[in-house]
Every structure is written in structure tokens, then in C-alpha cells.
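Asks: Dropping a structure here in C-alpha cells format, bear with me for questions.
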Amino acid sequence: MIVFYMDNNLYLPENEILRVEDLVVKFYTYAGVVHAVSGVSFYVKNGEAIALVGETGCGKTVTTRAITRLIESPGRVESGRALFRRPNGVVVDLLKVDPETLREIRGKEIAYIFQDPTSALDPLYTIGFHIHETIAEHSKNIKKKYTFKKAVELLRQALIPNPEVRVKNYPHEMSGGMRQRSVIAISLSNSPRLLIADEPTTNLDVTIQAQILDLLRGLQEQYKMGVILITHNLGIVAEMANRVYVMYAGKIVEEGTTEQIFYNPQHPYTKLLLRAVPDPTKRVEKLESIPGVVPSLINPPLGCRFHPRCPFATTKCASEEPPMIQVENEHRVSCWLFEKS
Ligand code: SF4
């Protein structure tokens, strides 16, 4: 394997843009310590889209907020590394870089599309001004004339009709779908190398969802960006992701290519998750759901965290945590059923 080597501890394989290792995040609340993310590891290759999937509360958003250092008190990143390759080739640990470097990276080299486009936009400023601010933050002395032209171009790429007019609109003058496209345009204003899209189509109707996905896919190819897609919608994953990480209760329980996860899922949780996706071609009396509820992460279950809901659980599952076991190339699963004797 060819290794890009910058200092004794920070290295990444050449084909990767990000590698997260053993990330641990806890929240110190009055009710107790919430073990939100417990030893999560994953990587993103250059120009590929990965998806973090799982039920609400499984730690997907906390994971990406942690690597961009957006966790606020009472939350704390306890340990782990997030190695990121900057455009100049230097590999940095995002969890340790100084605030000035972090400011350079965030919004320029790594962009984030948050769940709710309305809260990401300031109602007092036009869409054009948002784009101007995002560019100016990283390019001092940039002329408004240039950023205005760039804003129109970005809105056009985001398939917003009449971008010359829309650039002067305030967020409340746009529909939900248009606001989400504007947020995508803003996030692309500095041509990031990595885009984190947190539930980018939630709250949008199905037609608009499809348009936003097409748009993201096209822009990913055009900008050759790595993408981390956070979603609980497996339809979106199938459309967009190259590889999938399934999360449960703050841990990754299965990882593989999208094909492996969809056509050959191994972990009982992944299988149940896929069974719960409604099939429009079949008439059913009752939609499938996963029995039980996601456990409290203040006192997560011992052993395999899925054991209280798992139809295959044994006594070993309730006391010993399963390791990640390779089942095929790029396909790994954390489950005692795959223990090699
Ligand atoms: Fe189920 Fe045990 Fe596998 Fe966990 S380790 S998923 S409880 S069989």
C-alpha cells in the first residue's frame, strides 16, 4: 500500500481524504454520562460518498459534529483521531489542530449541510450575502462584485431558477426546497474537498428529495468531493452512497459496500433495518418495525448493545462485546454469530 507520510504519527493511504479512528464522545449531563459515540472508526476515499445509517439517537450526527469540533458543553470528545488531508497534501488531526487552522479548514475544505436549512440561514441577510460571507471568511480583500457573480453561478449550479433574481432574495422569500438548494450552494462556495450532509432531504416532499439527491450526486462528481451522508432513509443511501456504515447505540455494527449491505446484510440489526423499509410493490397489513427501543446511552447494555432486541442473542452476547469480524472484502460485522472457531 502506498502511504502518504507527513509526520511520524499522521499518515493516510493516498486514496483517502479522511480517516476517523476510535472516536469516543461523551455528554456529562445531570442524569449521568451519556456514552454517545463509543470507539467509532471509518474512512472516506477521495471522491466517494459514504453513508452513516441507523435509527435516531444512534450517534450519527454526534460523530460528524465531533470531527468538525462542533460538540458543545456538556459534550466532550474523549479520545480518537480524525486524520484529514488538506489541499496542500499535509495530513492533520482535526481533533488537535490549532483554532486558526481549524477555522481555515471548516467551511472551506470541509463543508457541512445541516439538517434544517431554515436554521442554517440568517433571515436578515440575502442568499447572495450568505455566499459572499462564506467566501470572504477565507479570502481576505475579495471584491463583492466577484462574490456576487460567483453566487449567481453557484445558485445556477444548484438548479435555482432565475439565479440573478434569487441571489437578492431573503430566506423567507424561498420555498423549503429552494432554501435547501441555497444551503447546498453556500456550502460549495469554497469548493470543499469533503462535504458532510446531515439528513439533507428531511422535511422535503418526495419529488424535491429526488431533485436534491440528483443535485448532490452531480455536484459530487463535478467537484470530486468526498461526501459523508447521514440519514435514516435507506432509499437515499442506495441512490447515493458507495459504502455504508451501520450504527447502533453509538457504535458501528456493520460496514460494507452499498451492494454488500443491501444484497447481503449480515448483522441482525441491519437485516431488521432493511426489512422495515416499506416495499411499494407489496400489499401488507402492517409495516415491519424493529421490536424494542434504542437503549439509553447513559447505561448502555453490556456486551453487544443490540442484545436486548436481537432475536439471536445468546448469554455470551449479553456479557462480551463482539469484535469487528471480516466477512468478505470491505465487509465487516460486529456480531458473535460470525466468530471463527
Ligand atoms: Fe445478536 Fe449476539 Fe450478534 Fe449482538 S452479537 S447482534 S446479540 S447475535
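Throughout, read-outs are computed from the coordinates displayed, never taken from laboratory work. What you see is a predicted model, and the numbers here were worked out from it, not measured in a lab. Positions of Cβ are backbone-derived with ideal geometry, glycine not excepted, and every protein chain shown enters the neighbour counts.
Asks: Roughly what % of DSSP beta bridges within the chain run antiparallel, to the nearest 5?
Replies: Numbers: 37 of 56 bridges.
Antiparallel bridges make up about 65 percent of those DSSP assigns within the chain.
Asks: So if we plug the beta-carbon distance of Phe262 and Thr314 into 1/(1 + (r/R0)^6) with R0 = 30 Å, what FRET efficiency do we get, rounded to 0.05?
Replies: 0.65
Asks: Compute the orientation-averaged projected area for the range 159-205 from the convex hull of its Cα atoms and round it to one decimal in nm².
Replies: On the way: hull surface 15.6 nm².
That works out to 3.9 nm², a quarter of the Cα hull's surface.
Asks: Then there is this: Given only helices, namely DSSP H runs of n ≥ 4 each adding -39500 (n - 2.57), what is the per-residue ellipticity at 222 nm of the chain, to the nearest 500 deg cm²/dmol? Spell out each step's value before the answer.
Replies: Values: 11 runs with 100 residues, N = 341.
Result for the chain: -8500 deg cm²/dmol, rounded to the nearest 500.
Asks: May I ask you to evaluate 6.51 cos²θ - 1.76 cosθ + 1.60, the Karplus curve with θ = phi - 60°, for each residue of the range 321-332 and list the ³J(HN,Hα) values in order in whole Hz, giving x for glycine and proline?
Replies: Ordered by residue, 3J(HN,Hα) equals 7, x, x, 6, 10, 6, 9, 7, 3, 6, 10, 10 Hz.
Asks: Show me 295-307, 24-36 ranked by packing, highest mean number of other Cβ atoms within 10 Å first. Could the numbers behind the result be given before it?
Replies: Numbers: 295-307: 18.5, 24-36: 16.2.
Put in order of decreasing packing, that is 295-307, 24-36.
Asks: Then there's this: Residue-wise, which Karplus ³J(HN,Hα) couplings in Hz belong to the range 80-95, taking 6.51 cos²θ - 1.76 cosθ + 1.60, θ = phi - 60°, and x for glycine or proline?
Replies: Result, ordered by residue: x, 9, 9, 7, 10, 8, 7, x, 7, x, 6, 9, 10, 9, 4, 7 Hz.
Asks: Still on this model: Which percent, nearest 5, of DSSP beta bridges in the range 191-280 are antiparallel?
Replies: 55 percent
Asks: Place the peptides 237-250, 145-158 in order of packing, highest mean first, counting for every residue the other Cβ atoms within 10 Å and averaging per peptide. Before the final figure, lay out each step's value.
Replies: On the way: 237-250: 22.5, 145-158: 19.0.
Sorting 237-250, 145-158 by mean packing, highest first, produces 237-250, 145-158.
Asks: By a straight-distance test (C-alpha under 16 Å), which aspartates and glutamates pair with Lys149 as possible cross-link partners, with residues fewer than eight away in the same chain excluded?
Replies: Glu133, Glu164
Asks: Could you give the alpha-carbon Rg of the chain over 2.2 N^0.38 Å, rounded to two decimals?
Replies: Values: Rg = 20.9 Å, N = 341, 2.2 N^0.38 = 20.2 Å.
For the chain, the normalised Cα radius of gyration comes out at 1.04.
Asks: Which percent of the Cα-Cα distances in the range 189-297 go past 19 Å? List each step's numbers first, then the result.
Replies: On the way: 3144 of 5886 pairs.
Looking at the range 189-297, the distances longer than 19 Å represent 53 percent of pairs.
Asks: Further, regarding this structure: Along each principal axis of its Cα atoms, how long is the range 221-274 end to end? Whole angstroms, biggest number first, please.
Replies: For the range 221-274, the Cα extents along the three principal axes come out at 37, 24, 17 Å.
Asks: If you find the alpha carbon centre of the range 58-136 and of the range 315-329, how far apart are they in angstrom?
Replies: Each part reduced to its Cα centre gives a spacing of 33 Å.
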